[in-house]
Amino acid sequence: MSQSPLDAFFLGRATATLLRDQAQHLFVEFLSQLGRFDAEQQQRLHQFMEEVQARARQEAEMVVPRGSQRVDWQALIDDLRAEIAALRTELQRYRNRDG
């Protein structure tokens with residue numbers, strides 16, 4: 001045992017300091033990677049939401065083009081009710097003929 005206890009102490013202290021520095025570096029690198037991952041995910045989510053909105057606008061314009069006249073929903077409902085009534089009447093006539 002040629003090393004003195006004082007040399008062993010400083011060797012252990014240097015080892016512990018170096019290990020602490022490396023652990024800090026790894027922890028900072030981990031946090032950096034985590035932050036980068038989070039930022040990328042937020043960007044992907046933002047792009048996804050923009051694409052969804054763009055597609056929704058495209059589909060809406062295919063159904064109701066911009067600048068077209070607004071639909072009178074009450075008139076449309078009334079027309080559909082009239083068609084249903086006419087179909088019921090026709091169906092009743094058909095049933096009465098075969099019955």
Next on the checklist: Whether any residue in segment 42-60 is open to solvent by less than 80 Å² (accessible area, probe 1.4 Å) and at pLDDT below 90 is what I want to check.
Outcome noted: yes
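Conditions tested, residue by residue: (1) loosely packed, with under 10 Cβ neighbours inside 10 Å; (2) modelled with pLDDT of 95 or more.
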| position | (1), (2) |
| --- | --- |
| Met1 | yes, no |
| Asp7 | no, no |
| Thr15 | no, yes |
| Arg20 | no, yes |
| Gln33 | no, yes |
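The values are calculated or read from the model by the stated rules, or taken from the named source; none is laboratory data. Please read all numbers here as calculations on a predicted model, not as lab measurements. Note that each Cβ is placed from the backbone with ideal geometry, even for glycine, and that neighbours are counted across all protein chains shown. These area figures cover heavy atoms from the full protein model, side chains too; ligands, DNA and RNA do not enter into them. Shrake-Rupley method; radii C 1.70, N 1.55, O 1.52, S 1.80 Å.
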